[in-house]
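Here's the structure, in structure tokens; my notes come after.
Throughout, read-outs are computed from the coordinates displayed, never taken from laboratory work. Fair warning: this is a prediction, and the values are worked out from it, not measured in the lab. Counting neighbours? That spans all protein chains shown, and the Cβs are built from the backbone with ideal geometry, glycine included.
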Amino acid sequence: MTVHVRSEGLLELIAADAELSLLADGLGFVEGPAWHPDGYLLFTDIAGDAILKWDRAGGARPWRQPSGHANGLALRTDGALIACEHDRSVVLCIRPDGSEEIVASHFDGRELNSPNDVIVARDGAVMFTDPHPAGRTAAWGVERPQELDFNGVYYVPPGREPRLLVRDLAFPNGLCLSPTEDVLYVNDSVNMRVHALDIGSGWSFSEPRTFIVQGEPGHISDDAHIIASDPSVVGIPDGMRCDEKGNLWCTGPRGIWVVSPAGEHLGTVEMPEFAANLAWGGDGGRELFITASTGLYKIDTLARGAISAA
């Protein structure tokens with residue numbers, strides 16, 4: 001079964017008989033999907049040190065290689081790509097003309113840990129998570145010691161320095177904004193929690209509140225999977241996106257959890273592989289692209305993705 005229904009509300013968002021399609025396989029570990037308005041998907045193969053491009057005509061092929069072991073991606077309204085690069089521990093802007101600019105590299109005079117996932121608000125502000133240790137290992141980046149003694153979540157106004165929002169999550173990973181940009185969701189993979197920060201005027205942020213719990217605290221193993229209290233359930237809160245109605249679609253045990261704005265788990269899009277991230281795209285914005293371990297997948301939804309900076 002691809003769609004597991006827990007609440008009838010799910011059927012307004014995705015058909016019970018929706019089918020999952022495999023678009024590309026045999027990759028290293030894929031992440032960071034971002035739909036380009038010109039009609040193609042960009043996503044990363046961290047282990048393969050590449051940013052890949054997928055479209056219906058050509059399938060998946062390298063777009064930028066090496067990529068600095070890039071992880072999360074996001075697009076600005078001007079077509080620039082924002083990428084979390086493990087090798088240099090930077091958030092990088094790649095402009096359409098190929099020129100580059102570093103958006104963030106340090107905090108408080110120390111090098112960032114390993115920027116993981118990133119989003120862009122409509123006004124161009126960047127928010128990203130910065131856990132350890134992925135980019136500071138030989139397997140996922142460049143082995144080197146950690147300089148910061150915490151794992152952070154940051155906000156970067158256009159042209160400014162990073163501002164620390166949260167520093168007490170064990171492993172901050174995925175993040176996304178609500179459609180009205182009044183809530184920032186960020187998850188803690190190790191503790192199997194998704195948190196919410198309310199956003200006020202002038203981009204003021206509340207303290208995190210627990211939004212939904214996906215399981216008991218676990219551990220991240222060498223292959224980046226997490227095992228919760230049930231060792232047969234593999235999956236963590238990682239990549240997240242909101243649909244146009246404000247529902248949160250978040251990776252978790254067994255696949256993609258669909259959660260209402262009130263925090264009710266409506267159901268799960270079950271995946272055959274460990275799901276890492278997701279993004280809407282395609283004609284009408286109702287095609288959900290999912291990066292999962294070695295494969296890129298797609299499933300059609302009734303809900304459209306929330307309008308974003310892209």
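Ordered by packing density, taken as the mean number of other Cβ atoms within 10 Å over each peptide's residues, highest first, how do 118-126, 17-25 rank?
Going from most to least packed, we get 118-126, 17-25.
Once you place label points 7 Å from the Cα toward the Cβ at ALA16 and THR294, how far apart are they in nm?
Distance between label points: 3.4 nm.
Give me the number: length gained by fully extending GLU181 to ASP108, i.e. 0.36 nm times residue separation minus the C-alpha to C-alpha distance, one decimal in nm.
Taking GLU181 through ASP108 to full extension adds about 23.6 nm, to one decimal.
Rounded, prolate or oblate: pick one for the chain, where a ≥ b ≥ c are the square roots of the eigenvalues of its C-alpha gyration tensor, a/c under 1.5 means rounded, and failing that, prolate if a/b is larger than b/c, else oblate. Walk me through the numbers on the way to the answer.
Values: a/c = 1.27, a/b = 1.18, b/c = 1.08.
Rounded, since a/c falls under 1.5.
First check a/c for segment 34-181, with a ≥ b ≥ c the square roots of the eigenvalues of its C-alpha gyration tensor; if it is under 1.5, answer rounded, and if not, answer prolate when a/b is larger than b/c or oblate otherwise.
oblate
Using a Förster distance of 25 angstrom, determine the FRET efficiency expected from the C-beta separation of ARG209 and LYS245, and round it to 0.05.
With R0 = 25 Å, the Cβ-Cβ based efficiency is 0.75.
So for the chain, averaging the separation of alpha carbon pairs under 8 Å that are six or more residues apart and normalising by length, what relative contact order in percent results?
18
Working out 0.36 nm times the residue gap between ARG6 and ASP55, then minus their Cα-Cα distance, what length gain in nm do you get to one decimal?
14.3 nm
Please list 55-68, 294-307 highest first by mean number of surrounding beta-carbon atoms within 10 Å per residue. Could you put the intermediate results ahead of the total?
Details: 55-68: 14.4, 294-307: 18.4.
So the peptides 55-68, 294-307, ranked by packing, come out 294-307, 55-68.
As an exercise, identify the chymotrypsin sites (Phe, Trp or Tyr not before Pro) in segment 94-176 lying in DSSP coil whose Cβ has no more than 16 other Cβ atoms within 10 Å.
Filter output for segment 94-176: PHE150.
What list of ³J(HN,Hα) couplings, whole Hz, do you get for segment 272-284 from phi and the Karplus terms 6.51, -1.76, 1.60, once you set θ to phi - 60° and write x for glycine and proline?
x, 10, 4, 7, 10, 6, 7, 6, 7, x, x, 5, x
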